[in-house]
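What follows draws every value from the coordinates through simple rules; no lab data is involved. Small disclaimer: the values here were computed from a predicted structure and weren't measured. Here Cβ is always computed from backbone atoms with ideal geometry, including for glycine, and neighbour counts include all displayed protein chains.
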Amino acid sequence: VTAPDLAGRHVVVSAGGTREPLDPVRFLGNRSSGKQGYALARTAAARGARVTLIEANTGLPDPAGVDIVRVGTAVQLREAVLKATADADAVVMAAAVADFRPADYAQGKIKKKDGQEPAPIALVRNPDILQEIGTERARPGQVIVGFAAETDDVLANGRAKLRRKGCDLLVVNEVGERKTFGAEENEAVILAADGGETPVPYGPKDALADAVWDLVVPALGSV
Ligand code: C5P
């Protein structure tokens with residue numbers, strides 16, 4: 001039996017990966033499966049929280065007892081996160097958000113033309129949602145958690161990112177082939193703004209999710 005240490009709390013979790021459309025049939029996307037975010041939503045509900053799960057393109061079955069909001073793009077994800085965050089006690093940004101989106105959207109399918117080089121794809125920046133909610137808190141005492149997938153200098157890059165985004169906790173994992181994306185297991189270090197560093201050994205994504213909530217609970221403002 002899990003302790004209901006999130007009872008009376010509203011937590012928001014984003015999961016999956018955004019898709020940034022080029023035309024009606026194509027998009028720029030990423031390899032996020034959404035499994036870690038769903039594990040966070042499931043475990044929070046098991047610990048008694050009211051959970052808003054904002055999912056982008058996961059195709060995963062709905063977890064029981066969780067409010068689901070479906071989005072496609074980073075801009076839509078931002079709208080949904082800001083709305084749900086207004087009265088949230090904690091927000092965990094597990095979604096992989098595209099940093100850039102195509103500058104133009106073609107209303108009709110982009111065609112290849114004989115003898116012509118392909119046109120380059122111009123990109124524009126997407127809003128950084130985590131940085132926005134981390135640096136401008138919707139309420140005092142709100143706990144903001146980010147994720148970071150790094151390929152090198154994992155901890156140093158993680159520390160810099162934690163500061164830049166203004167979050168309380170940052171879950172850092174090393175990515176590589178067969179690691180993290182789409183897998184059932186994960187391995188990470190949870191960095192805290194107060195200097196804390198909690199390694200979470202290789203194991204199920206639910207165990208990492210519970211390790212995150214274990215650190216969120218004592219950081220929450222009093223009810
Ligand atoms: O900067 P980077 O993409 O590595 O940061 C990852 C963290 O920031 C994740 O928690 C992700 O959900 C969040 N993020 C965001 N908006 C973006 C890019 C990333 O909220 N545009």
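Near ALA188, the amide H atoms lying under 5 Å from its own belong to VAL200; only residues 5 or more places off or on other chains count, and H is placed 1.01 Å from N. A full extension of the chain between ASP62 and ARG31 corresponds to an added length of 9.2 nm, given 0.36 nm per residue minus the alpha carbon distance. Distances between placed amide hydrogens fall under 5 Å for ILE54 paired with VAL13, SER14, ALA15, VAL69, all partners being 5 or more residues away or on another chain.
Normalised by the number of residues in the chain, the mean separation of alpha-carbon contacts (under 8 Å, six or more apart) gives a relative contact order of 20 percent.
Per residue, the average separation of C-alpha pairs within less than 8 Å and at least 6 apart gives region 1-68 a relative contact order of 41 percent.
In sequence order, region 89-105 has phi-based couplings of 8, 8, 10, 10, 8, 8, 5, 8, 9, 5, 6, 10, 10, x, 5, 10, 10 Hz under the Karplus curve 6.51 cos²θ - 1.76 cosθ + 1.60, θ = phi - 60°, and Gly or Pro positions carry x.
Axis angle, to the nearest 10 degrees, between helix 205-219 and the longest C-alpha principal axis of the chain: 60 degrees. Using the Cα coordinates of the chain, the gyration tensor eigenvalues translate into equivalent-ellipsoid semi-axes of 31, 19, 17 Å, sorted from longest to shortest. For region 134-207, the alpha-carbon radius of gyration amounts to 1.14 times the rule-of-thumb value 2.2 N^0.38 Å expected for a compact globular protein.
Selection among THR73, PRO201, THR135 by position relative to the dipole of the chain gives THR73 as farthest towards the positive end (Cβ unit charges, Cα centre). Using only Cα atoms, tell me the angle between helix 154-165 and the longest principal axis of the chain; keep it within 0 to 90° and round to the nearest 10. Long axis of 154-165 versus the principal axis of the chain: about 90 degrees.
Among VAL51, VAL71, VAL92, VAL217, a tally of other beta-carbon atoms within 10 Å of each Cβ gives an order, fewest to most, of VAL217, VAL71, VAL51, VAL92. Around VAL124, what is the net charge, scoring Lys/Arg as +1 and Asp/Glu as -1 over all other residues with Cβ under 15 Å from its Cβ? Computed value for this residue: -1. In terms of surrounding Cβ atoms within a 10 Å radius of their Cβ, LYS83, LYS113 rank from fewest to most as LYS113, LYS83. Scanning the chain for GluC sites (Glu not before Pro) lying in DSSP loops with no more than 14 further Cβ atoms inside 10 Å, the longest uninterrupted stretch between such sites is 1-135.
Rounded to the nearest 10 degrees, the angle from helix 74-85 to the longest Cα principal axis of the chain is 20 degrees. Compute the Rg to Rh ratio over region 93-154 from the alpha carbon atoms, using the Kirkwood formula for Rh, and round to two decimal places. We get a ratio of 1.18 for region 93-154. Backbone phi angles across region 66-73, fed through the Karplus curve with coefficients 6.51, -1.76 and 1.60 (θ = phi - 60°), yield HN-Hα couplings of 10, 7, 10, 10, 9, 9, x, 9 Hz in residue order; Gly and Pro are listed as x. Karplus-based coupling profile of region 3-20, in residue order and whole Hz: 5, x, 7, 10, 4, x, 9, 10, 10, 10, 10, 9, 9, x, x, 6, 10, 10, with θ = phi - 60° in 6.51 cos²θ - 1.76 cosθ + 1.60 and x standing for Gly or Pro. For PHE147, what residues show an amide H to amide H distance below 5 Å, using hydrogens built from the backbone and excluding near sequence neighbours? Residues meeting the amide H criterion: MET93, VAL171.
Annotation note: trypsin sites (Lys or Arg not before Pro) in region 165-217 located in DSSP loop regions with a Cβ neighbour count of at most 13 within 10 Å are ARG178.
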